[in-house]
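Notes for the one structure printed next.
The values are calculated or read from the model by the stated rules, or taken from the named source; none is laboratory data. Keep in mind that this is a model prediction, so the values were computed, not measured. Neighbour counts run over all protein chains shown; Cβ positions are idealised from the backbone, glycine included. Remember, those area values only see protein heavy atoms, side chains included, never the ligands or the DNA or RNA. Shrake-Rupley method; radii C 1.70, N 1.55, O 1.52, S 1.80 Å.
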Amino acid sequence: MLNRIKSIVLDENGAVTVDWVVLTAAVCGLAIASFAAIQQSSSSVGDNVGAYLTEKTVEELAGIE
């Protein structure tokens, strides 16, 4: 019985699993943070492009005026 407990305490498979879970959570957190930053920036760019296109006519945009 003592040998069985000793082998469980010395087993490192669980520690490796915890490492992978923490690493995966960190990667997911970075992905979410990156997505949030890109979404805010692209929203502003989209609004600016929409405002520019609303002010222009097709002839002005095509350069035939």
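Only Lys, Arg, Asp and Glu count, each charged at its Cβ (+1, +1, -1, -1), so figure out the dipole size of the chain about its Cα centre, rounded to 20 debye. Please list the in-between numbers first.
Details: 3 positive and 8 negative charges, 145 e Å.
About 700 debye.
What number results when the radius of gyration of the chain, computed over Cα atoms, is divided by 2.2 N^0.38 Å?
Numbers: Rg = 27.8 Å, N = 65, 2.2 N^0.38 = 10.7 Å.
In units of the 2.2 N^0.38 Å rule of thumb, it is 2.59.
Of the accessible area of the chain, with the probe set at 1.4 angstrom, what percent is carbon plus sulfur?
Values: 3900 of 5930 Å².
For the chain, the apolar C and S fraction of the accessible surface comes to 66 percent.
What ³J(HN,Hα) values, in whole Hz, does the Karplus curve 6.51 cos²θ - 1.76 cosθ + 1.60 give for region 47-61 when θ = phi - 60°, with x put for Gly and Pro?
4, 5, 5, x, 5, 5, 5, 5, 6, 9, 9, 5, 5, 5, 5
Can you tell me how much longer the chain between E60 and A36 gets when fully stretched, taken as 0.36 nm per residue apart minus their C-alpha distance, in nm with one decimal? Write out the running numbers ahead of the final one.
Values: separation 24, 0.36 × 24 = 8.64 nm, distance 3.50 nm.
So the extension gain works out to 5.1 nm.
Accessible area of I5, 1.4 Å probe, to the nearest 10 Å²?
Taking all protein chains as shown, I5 has close to 90 Å².
Leaving out ligands and nucleic acids, and using a 1.4 Å probe, what accessible area per residue does region 11-65 come to in Å²? Let's see the in-between values first.
Working: 4720 Å² over 55 residues.
So region 11-65 comes to 86 Å² accessible per residue, rounded to a whole number.
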